[in-house]
Amino acid sequence: MKKTIIIAIIALLGLSEQANAQLYVGGSIGFHAGFTDDRFTSLAVSPDIGYGLGDWNFGAILNINTYTNKADGLSSMRLGITPYAEYYIFSAGPVSLFAEAGIGLLYAMYFNQEDPKNQFIYNPYLAPGIEVSLTDNFSVMCHLGRLDWDSETRNLGFSLSGEALSLGLYYSF
C-alpha cells in the first residue's frame with residue numbers, strides 16, 4: 001500500500017513538471033460567537049488539498065464544524081468532504097478571478113437532544129472568488145459569496161456580500 005501511494009505521488013509530481021501543474025495545500029479556520037440571548041459558539045476547520053492544471057484546479061476540502069448553544073444546551077458536529085473544481089476566468093498580475101463548483105457531503109451529529117437526528121446532508125454550490133498571489137508559492141483566496149442548495153433545509157440560497165466572505169491561505173509546491 002505504501003509503495004502504491006509513493007508511486008502515485010511521484011507520478012503526480014512528474015506530471016506537474018511536464019504540464020505546468022501544481023499541487024497545493026491550504027485551508028481556512030473560522031470562529032463565530034454570539035453574546036446575546038443565544039450565547040453560541042461555532043468553530044470551523046477546513047483543510048484543503050488540490051491539484052492545479054492550467055486554468056483548472058481540482059481538489060477536496062475536509063470540513064469539521066462544531067456548534068454549541070449555551071442558552072439551550074444544544075450542540076452539534078458536522079464532518080464532511082467537499083470535492084470541487086475551479087476555473088480561472090481572468091488574471092492580471094498577482095490577481096486572478098475564478099469560479100468554483102462543488103458539492104459538500106456532510107454527516108451531521110446532534111448532541112444533547114431528546115431525539116438526536118443524525119443525518120447526511122449534501123450541498124451543491126457555485127461560488128465566485130479572487131486569488132491574490134503573495135509570492136511564487138503563497139496565495140490568499142477569497143470566496144465572495146455563493147449560490148447553493150441545502151438538502152437539510154431544502155432551501156436554495158444566494159449570498160453576495162461582505163458577510164459571506166471566506167478567506168484561505170494556500171501554499172503551492
Check: Name the residues in the stretch 51-80 that are within 16 Å of GLY168 (Cβ to Cβ) and among the β-branched types (Val, Ile, Thr), would you?
Finding: ILE61, ILE64
Next item on the list: Run ASN112 past the list (1) in contact (Cβ under 8 Å) with a residue 40 or more places away in the chain; (2) over 25 Å from TYR24 (Cα atoms) and report the number of the one that doesn't hold.
Entry: (1)
Next item on the list: From the list PRO83, PRO47, pick out the single residue that is modelled with pLDDT of 95 or more, within 22 Å of PRO124 (Cβ to Cβ) and out of contact with any Asp or Glu (no Cβ under 8 Å at 6 or more places or on another chain).
Entry: PRO83
Next item on the list: Working only within the stretch 81-131, note down all residues that are surrounded by 18 or more Cβ atoms within 10 Å (Cβ to Cβ), of a type outside the set (S, T, N, Q) and within 16 Å of GLY168 (Cβ to Cβ).
Entry: TYR84, GLU86, PHE98, GLU100, GLY102, GLY104, TYR125, ALA127, GLY129, GLU131
Next item on the list: Check THR135 against each of (1) among the hydroxyl-bearing types (Ser, Thr, Tyr); (2) assigned to a strand (DSSP E or B); (3) closer than 21 Å to VAL25 by Cβ and name the one condition it does not meet.
Entry: (2)
Notebook entry, point to check: Only one of LEU79, LEU43, LEU62 is in contact with a Pro (Cβ under 8 Å, 6 or more places away or on another chain) and in a strand (DSSP E or B); which?
Noted result: LEU62
Item checked: Condition met for TYR51 (under 17 Å from the mean Cα position of the chain (by Cα) and surrounded by 14 or more Cβ atoms within 10 Å (Cβ to Cβ)) -> yes
Check: Could you say whether any residue in the stretch 92-101 is without any contact (Cβ under 8 Å) to a residue 12 or more places away in the chain and part of a strand (DSSP E or B)?
Finding: yes
Margin query: List pairs: first residue in the stretch 13-36 and at pLDDT 80 or above, second residue charged (D, E, K, R) and surrounded by 10 or more Cβ atoms within 10 Å (Cβ to Cβ) anywhere in the structure, Cβ distance under 6 angstrom, at least six positions apart or on different chains.
Written below: GLY26/ASP48; GLY27/ASP48
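The values are calculated or read from the model by the stated rules, or taken from the named source; none is laboratory data. Nothing here was measured: the structure is a model prediction, and the numbers come from that model. Glycine gets a Cβ as well: all are built from the backbone with ideal geometry, and neighbour counts include every protein chain shown.
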